[in-house]
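The values are calculated or read from the model by the stated rules, or taken from the named source; none is laboratory data. These numbers come from a predicted model, not from an experiment. Cβ coordinates were reconstructed from backbone atoms using ideal geometry, including for glycine residues, and neighbour counts include every protein chain displayed.
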Amino acid sequence: MRHTALITGASSGIGLAIARELARVGVDVVLVARDEERLQALAASLDTGAEVLAADLLTHDGLEAVAARLAQRDRPIDILVSNAGFGLAAPFHESTIEDERRLHELLSFVPLRLAHAALPGMRERGRGWILTVASFAAFIPFGTYSAAKSHAVNLSRAIRSRYADDGIRATALCPGFVHTEFHDRMGIVEDGPAWMWASAEDVARRGVRGLRRNQPVVHSDRRFAAIAKGLQLVPDTWQGSLINAYRD
Ligand SMILES: NC(=O)c1ccc[n+]([C@@H]2O[C@H](COP(=O)([O-])OP(=O)(O)OC[C@H]3O[C@@H](n4cnc5c(N)ncnc54)[C@H](OP(=O)(O)O)[C@@H]3O)[C@@H](O)[C@H]2O)c1
């Protein structure tokens, strides 16, 4: 049976790599982002059915157009990949509240809205997969980005536990640092030890494999999984000091 996936943030980085990985295994894709030209170029390069849905998920009309596509019963979406996102370079006390609102809308509310649109049809069909691209930041106190990403992880866990009996699978992909346009868009340079960095292709492969294996949370690799576990034993103040030392 052929499946169709809708991927947000498919014009670059992890979303683009996930779209390629899903297409490689024979899944048709619906590509969502603002940059229509890049989405068209990606669609043309894939050996699978590819539909382009250009939308700004931070506008009411853009978000509702994508939600409506997810809810369409005659052209069902089997796999929702909520990936679109960005980060803020400014610390919380210096960021504008408008930027914070945009961050939290895109990282927290948009995945919730899209899951809400996709779930009824998925439940009727008795199958559905939801992959949410969160971050390793969900497990550490790393600014308001961490807060938004821990929301994404817990939303995924909540959907997973509540709808497992309806045939719905949900996985939170929680990569460490990934070479994409993310840092460039924030206006900061990619930094830190090489082992902490992964390619978007590796992360996409792990995410799609985790979804197929019905894993609740997928990390960049075993080291990040072990660190996330170990950090549960470390008080927040120590974690905060470590993060601040890394920043300085
Ligand atoms: N890179 C990392 O180190 C890293 C680590 C952990 C988690 N993540 C997470 O991974 C996800 C993907 O980021 P990335 O690293 O692949 O960065 P990226 O290369 O900058 O890609 C971000 C994607 O989100 C889309 N997007 C941004 N704002 C949007 C909006 N308002 N409406 C629709 N689409 C929008 C962008 O497309 P358009 O500009 O065309 O709209 C782009 O396709 C994010 O959720 C990020 O938080 C990244």
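Conditions tested, residue by residue: (1) of a type outside the set (A, V, I, L, M); (2) assigned to a strand (DSSP E or B); (3) over 21 Å from G87 (Cα atoms).
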| site | (1), (2), (3) |
| --- | --- |
| R157 | yes, no, yes |
| R160 | yes, no, yes |
| Y163 | yes, no, yes |
| A170 | no, yes, yes |
| D184 | yes, no, no |
| V189 | no, no, no |
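So how many residues does region 1-28 have that are surrounded by 24 or more Cβ atoms within 10 Å (Cβ to Cβ), of a type in the set (S, T, Y) and outside any loop (DSSP other than H, G, I, E, B)?
The total comes to 1.
Yes/no per residue for (1) crowded, with 23+ Cβ neighbours inside 10 Å; (2) within 13 Å of the ligand (Cβ to nearest atom); (3) charged (D, E, K, R):
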site: E36; (1), (2), (3): no, yes, yes
site: A41; (1), (2), (3): no, yes, no
site: A54; (1), (2), (3): no, yes, no
site: F92; (1), (2), (3): no, no, no
site: L106; (1), (2), (3): no, yes, no
site: P120; (1), (2), (3): no, no, no
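Cβ-Cβ under 7 Å, sequence separation 6+ or interchain: first residue in region 7-29 and touching a residue at least 60 places away in the same chain (Cβ under 8 Å), partner more than 10 Å from the ligand (Cβ to nearest atom) and among the basic types (K, R). Which pairs?
The qualifying pairs are E21/R205.
When region 193-248 is examined, which residues are found to be assigned to a strand (DSSP E or B) and among the polar types (S, T, N, Q)?
Step one: filter region 193-248 for residues assigned to a strand (DSSP E or B), giving 197-199, 217-219.
Within region 193-248, just S199 meets the criteria.
When you look at A138, is it assigned to a helix (DSSP H, G or I), free of Cβ contacts under 8 Å to residues at least 40 places away in the same chain and crowded, with 20+ Cβ neighbours inside 10 Å, yes or no? Spell out how you get there, then give the answer.
Working: assigned to a helix (DSSP H, G or I): yes; free of Cβ contacts under 8 Å to residues at least 40 places away in the same chain: yes; crowded, with 20+ Cβ neighbours inside 10 Å: yes.
Against the criterion (assigned to a helix (DSSP H, G or I), free of Cβ contacts under 8 Å to residues at least 40 places away in the same chain and crowded, with 20+ Cβ neighbours inside 10 Å), A138 qualifies.
Being over 23 Å from L88 (Cα atoms) and in contact with a strand residue (DSSP E or B) (Cβ under 6 Å, 6 or more places away or on another chain) narrows it down to one of R213, R160, so name that one.
R160
Are any residues in region 55-114 modelled with pLDDT under 95 and either in a helix (DSSP H, G or I) or aromatic (F, W, Y) (or both), and if so, which ones?
Once the filter is applied, which keeps residues that are modelled with pLDDT under 95 and either in a helix (DSSP H, G or I) or aromatic (F, W, Y) (or both), region 55-114 yields only F92.
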